[in-house]
Amino acid sequence: MKVSDNGIALIKKYEGCRLEAYKPVSTEKYYTIGYGHYGVDVSKDMKITAAYAEALLRLDLDKFCGYVNNLGRTWTQNQFDALVSFTYNCGAANLKRLVANRTNAQIANAILLYNKAGGKVLKGLQRRRAEERELFLKV
């Protein structure tokens, strides 16, 4: 499956777009740019265009769609979009933990538990997880 425009809009809403490289946390190994693109290809003083940020997002989404597709389960488009958004933010290891041995109803409820950074509940993560859960449950 591929992420839909609704899923992309959700990711964009919460990631935001920054056209200059930054470190969300000073201890991060790599810099971040665009819609949360992170890695060795991002350098300290790097600047990009909005079009390039969009291109990076599309490339990154292929990878995150792959993580969800590789779970070997069948999803509705809304469930898939919610899980891609979740994975884009939390990573593939947390996706595996989220879905392991859970029904869809249990997954929907467990999404809400991933609302902390550094052990502290963050309002932004609470909002994102609530929207992902709502999308996951949407028929």
List the pair-distance distribution P(r) of the stretch 1-59, using every Cα-Cα distance, as the percent of pairs falling in each 5 Å bin from 0 up to the bin containing the longest distance, rounded to whole percents.
-> 4, 20, 29, 24, 13, 8, 2, 0
For the stretch 1-128, the per residue accessible area (1.4 Å probe, Å²) is 57
Given H placed on each backbone N at 1.01 Å, which residues far from residue 18 in sequence or on other chains put an amide H within less than 5 Å of it?
-> 34, 35, 36
Go through the stretch 124-139 residue by residue and turn each phi into a ³J(HN,Hα) via Karplus (6.51, -1.76, 1.60, θ = phi - 60°); whole Hz please, and just put x for glycine and proline.
-> x, 6, 4, 5, 4, 4, 5, 5, 5, 4, 4, 5, 4, 7, 5, 6
First compute the accessible area of the chain with a 1.4 Å probe, then give the percent of it belonging to carbon and sulfur atoms.
-> 53
Which entries of 2/120; 23/63; 44/120; 2/47; 96/138 show an alpha-carbon separation above 25 angstrom in the structure shown?
-> 2/120; 44/120; 2/47
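Going through the stretch 80-139, which trypsin sites (Lys or Arg not before Pro) have at most 16 other Cβ atoms within 10 Å and a DSSP loop state?
When the trypsin sites (Lys or Arg not before Pro) of the stretch 80-139 are filtered for loop state and at most 16 Cβ neighbours within 10 Å, 102, 138 remain.
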Between the stretch 55-109 and the stretch 6-47, the Cα center-to-center distance that results, in Å | 20
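Kirkwood hydrodynamic radius, the chain, all distinct C-alpha pairs: what's the number in Å?
Computed over Cα pairs of the chain, the Kirkwood hydrodynamic radius comes out at 15.5 Å.
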Under Karplus coefficients 6.51, -1.76 and 1.60, residue-wise ³J(HN,Hα) of the stretch 12-20 in Hz, glycine/proline x = 4, 4, 8, 7, x, 10, 10, 8, 10
For the chain, modelled as a Gaussian network with Cα springs under 10 Å, which listed residue fluctuates most, 98, 112, 71?
-> 71
Of 39, 103, 11, which is farthest along the charge dipole of the chain in the positive direction, counting Lys and Arg as +1 and Asp and Glu as -1 at C-beta?
-> 103
With label points built 7 Å along Cα→Cβ from the Cα atoms of residue 29 and residue 50, find their separation and express it in nm.
-> 3.3
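The values are calculated or read from the model by the stated rules, or taken from the named source; none is laboratory data. Please read all numbers here as calculations on a predicted model, not as lab measurements. Every residue, glycine among them, receives a Cβ derived from its backbone with ideal geometry; neighbour counts consider all protein chains shown. For accessibility, only protein heavy atoms count, side chains too; no ligands or nucleic acids. Shrake-Rupley method; radii C 1.70, N 1.55, O 1.52, S 1.80 Å.
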